[in-house]
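Bear in mind that the values in this text are calculations on the coordinates, not laboratory data. Here the structure is a predicted model, which is why all the values come from computation and not from measurement. Cβ placement follows ideal geometry from the backbone for every residue including glycine, while neighbour counts extend to all protein chains displayed.
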Amino acid sequence: MKPVDFLILILLSLFSCGRTEPESNINKMPLEYPETFQDSVIDNYHGQQISDPYRWLEDDDAETTKAWVRAQNGVTQDYLSQIPYRKQIEERLEQIWNYERYGTPFKRSGKYYYFKNNGLQNQSVLYVQETLEGPADIVLDPNAFSEDGTVSLGNISFNKQGNMLAYSISEGGSDWRTIFVKDLDQGVLLKDKLQWVKFSGISWSGDGFYYSRFPIPSADGKLSGQNRFHKIYYHKLGTDQDSDRLVMEEPASPQRNFYAMTTEDERFLCISASESTSGNALYVHDLSEKNPPITLEASFESDLQVVDNVGNRLYILTNQEAPNWKLVAVDMENPERENWQDILPEGKNVLSGVQLVGNKIFAEYLIDAKSALRTFDYEGEFLGEVELPAIGSVGNISGKREETEAFYAFTNYTYPTTIFSLNTETLESSVFKKPSLDFDSEEYQTEQKFYKSKDGTQIPVFITYKKGLRKDGQNPTMLYGYGGFDISLTPGFSLPVLVLLENNGIYAVANIRGGGEYGKEWHQAGTKERKQNVFDDFQAAAEFLIEQKYTSPEKLAIMGGSNGGLLVGACMTQRPDLYKVAIPRVGVLDMLRYHQFTIGWAWAEDYGKSDDPEAFEYLIKYSPLHNVREREYPATFIMTADHDDRVVPAHSFKFAAELQHEQQGNNPVLIRVETSAGHGAGKPTSKLIEENADMLSFMFYNMNEDVVYKKLDK
């Protein structure tokens, strides 16, 4: 499981902005930080003595750590409360956030299901309609799970008959899930309750489903202990979890994860085994026969993702001998490798996703990080291209195999996520649900530029701003990046970005190496000993924005989450002169010990591990925690959460303590620790509004931007 998949800003907006000096000068005086005890812990890494004075902060259950967190949050909230426009930003956030948002509809047993949020609901609600024009009924309301919205819905799965709904929930943002089952005919919750589920699907077969779980963790290791011995089970409805049938495990390989899926017709059980975030083995079992599973791929050298089957043929998306990915068909009666058929061969552009809808193949391609949607028949013959409304990103294509009605979502940086209906025969699209919010997208524009990185590599960057904006080097700018784990950053709508844009600001997204925008080679160029390429690419983006007069070092903020938090931490310690504000969110910041916690060991394919002498040599050179020196760093706003069991908060705790100890000058170093929240998934709307108001207030204030509001209409 990757450190993050989603932490690209959430939503927000403001009215107008001047450039007079703020009335308050709280950032002009040195802050008094809580005193942080320095221990004498020293580790020997291949003959080098490395001090770790804040090791004690790794124990997030210790009373000393909890007291430290309370003290740090107190300093942070006191600072933020003195920013004169902090409350107004929050009010504007609530105003712009309050609009109806729909998910892509999908059909089960002839009925239409979809998620909807009325505006400020903490969690979106699952509805059902008999017809698209008919009345809607609530199927599942996650807001009823908890008073404060901190219990969220994970994944959902309907059985083949459509009368049973299995769903998982998360408490406090944790990756741990609990599965429940609802009888939709009776409208009642069954007694089935499956615990200690993590990194798992819910895949129905007959009167039960397959899922993955870990052994029960120790009480003090629930949120930080290593996740090992992943297993697949089959649960039959109406039985206790203790009687679930074990399907797959590998005791000799404790750091191997298993994921099960069944095809839509429930004929094939497909099991993916992985030991990192890249590469997987693949086993397929024809459940209609009593034969044992077939091994389609035993190594972990490439990625193979089963799309679905058509009769005996399995369609598989893979980058095996195809860095830009391809679609192959495997005849399960003759599954030997030499019989595999290339349906969509590798091309110039990355094949990023495939769906089988309307008796066609719908294939999404990335062209310089922008979506193109093309259709083919089951033999790979090109049929046509879906005309998209603008340059942007396609997502969540849904539709039945035998029907001509489908839906998809579309968005870009100034285009709110809109749901389209699609006729799969004519390939004509029409707006199904278009949001209406208090923001005029027509006033803004996005351009894509290319710049040279340190080694001459051409890197694309999306730059969004108000039309007619002067490029005088004085515009508050946020530069966002990720650069890891084959994850592509494509255009997406974000309310926090709207706040920046409304205030004559600029939002820039750099598609740096380490991501998947240009395939496997682009990803690998930002891994292990090549990781410095990622930081060089991001720093070159900052230099490009400054050279082209979009902004200046005094007006530039960098932000990233998870692996993007590592990006921010490394860049601010390598080039502190280049940025005014740094915002590492739930970041991987201790590169020598990241693999000691939860699922961190799985990231070694991208990072390498300090246990390896060669890996240690390059990790120690860029590990943010270990490269803090006595000097002036940008104003830093570190964000984490107490229930983050993906990237444990100790990373942020230790980094904050080290930065506060070494910081010279008056730029503040603050840490904001959210309670009852995790890595980001399922975070309630109320918390999103609060944390983004804090983040934007900190950024604007430390850029000396005075946010001036008109009177808000209530």
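Annotations
- Relative contact order (%) - the chain, alpha-carbon pairs under 8 angstrom, separation at least six: 16 percent
- Net charge dipole size for region 530-621 [Lys, Arg +1 and Asp, Glu -1 on Cβ; Debye, nearest 20]: 360 debye
- From its DSSP helices (H runs of at least four residues, each -39,500 (n - 2.57)), the chain gives a residue-normalised ellipticity at 222 nm of -5000 deg cm²/dmol.
- Straight-line cross-link partners of K193 among the lysines, defined as a Cα under 27 Å from its Cα and at least 8 positions apart when in the same chain: K2, K107, K111, K116, K160, K182, K222, K231, K236, K683.
- Rg/Rg_globular for region 164-295, with Rg_globular taken as 2.2 N^0.38 Å and Rg from C-alpha atoms: 1.08
- Dipole of the chain, positive end: most advanced residue of Y408, T675, S610 [Cβ charges, Cα centre]: T675
- Each Lys and Arg Cβ is given +1 and each Asp and Glu Cβ -1; about its Cα centre, region 96-168 then shows a dipole of about 380 debye.
- Alpha-carbon Rg/Rh ratio, for the chain, with Rh computed the Kirkwood way: 0.95
- Within region 121-199, GluC sites (Glu not before Pro) in DSSP loop having at most 16 other beta-carbon neighbours inside 10 Å: E130, E133, E147
- Anisotropy class of region 226-337 from Cα gyration tensor, a/c 1.5 cut: oblate
- Stretchable slack from A136 to K621, in nm (0.36 nm times residue separation minus alpha-carbon distance): 168.9 nm
- Tensor-based shape of region 587-714 (alpha-carbon gyration tensor, a/c under 1.5 rounded, otherwise prolate or oblate): oblate
- Dipole of the chain, positive end: most advanced residue of M703, F214, N359 [Cβ charges, Cα centre]: M703
- Computed about the Cα centre, the dipole magnitude for region 570-714 is approximately 480 debye when only Lys and Arg (+1) and Asp and Glu (-1) carry charge, each at its Cβ.
- Listed values for region 358-373 are Karplus-derived 3J(HN,Hα) couplings in whole Hz (6.51 cos²θ - 1.76 cosθ + 1.60, θ = phi - 60°), namely x, 6, 9, 9, 9, 10, 9, 10, 9, 10, 6, 6, 10, 7, 10, 10, and x replaces Gly and Pro.
- Per-residue extension of 0.36 nm, minus the Cα-Cα distance of E443 and E614, leaves a gain of 56.4 nm for this segment.
- Amide hydrogen proximity for R401: with H placed 1.01 Å from N in the peptide plane, the residues at 5 or more positions away or on another chain lying under 5 Å are G358.
- Cα gyration tensor, region 85-239 - rounded (a/c under 1.5), prolate or oblate: oblate
- Most tightly packed first, judged by the mean number of other beta-carbon atoms within 10 Å of their residues, the peptides 41-51, 479-489 read 479-489, 41-51.
- Net lengthening on full extension, I156/K222 (0.36 nm per residue, minus Cα-Cα): 21.4 nm
- Directionally averaged projected area (region 171-236, Cα convex hull): 5.3 nm².
- Looking at region 285-386, the trypsin sites (Lys or Arg not before Pro) that sit in a DSSP loop and have at most 14 other Cβ atoms within 10 Å of their own Cβ are K290, K348.
- Take each peptide in 353-359, 406-412, count the other Cβ atoms within 10 Å of every residue, and average; sorted highest first, the result is 406-412, 353-359.
- Counting DSSP beta bridges with both ends in the chain, the antiparallel % (nearest 5): 85 percent
- Between Y378 and Q664, the distance separating the two model label sites (each 7 Å from Cα on the Cα→Cβ line) works out to 7.0 nm.
- Using the average count of surrounding beta-carbon atoms within 10 Å as a protection proxy, the listed peptides 690-696, 646-652 rank, highest first, as 646-652, 690-696.
- Annotation note: chymotrypsin sites (Phe, Trp or Tyr not before Pro) in region 81-190 located in DSSP loop regions with a Cβ neighbour count of at most 13 within 10 Å are absent.
- Net charge of the neighbourhood of R337, taken over other residues with C-beta under 11 Å away and scored Lys/Arg +1, Asp/Glu -1, is -4.
- Debye equation applied to the C-alpha atoms of region 564-624, log10 I(q)/I(0) at 0.21, 0.23, 0.27 Å⁻¹: -0.81, -0.92, -1.13
- Calculated diffusion of region 307-406, Stokes-Einstein form, Kirkwood radius summed over Cα pairs, 10 °C and 1.306 mPa s, µm²/s: 113 µm²/s
- Inter-label distance, nm, simple model (7 Å from Cα along the C-beta direction), D331/V188: 5.0 nm
- Its residue count N fixes a reference of 2.2 N^0.38 Å for region 130-201, and the Cα radius of gyration divided by that reference is 1.19.
- In this rough spin-label picture, where each label sits 7 Å from Cα along the Cβ direction, the E387-L287 distance is 4.2 nm.
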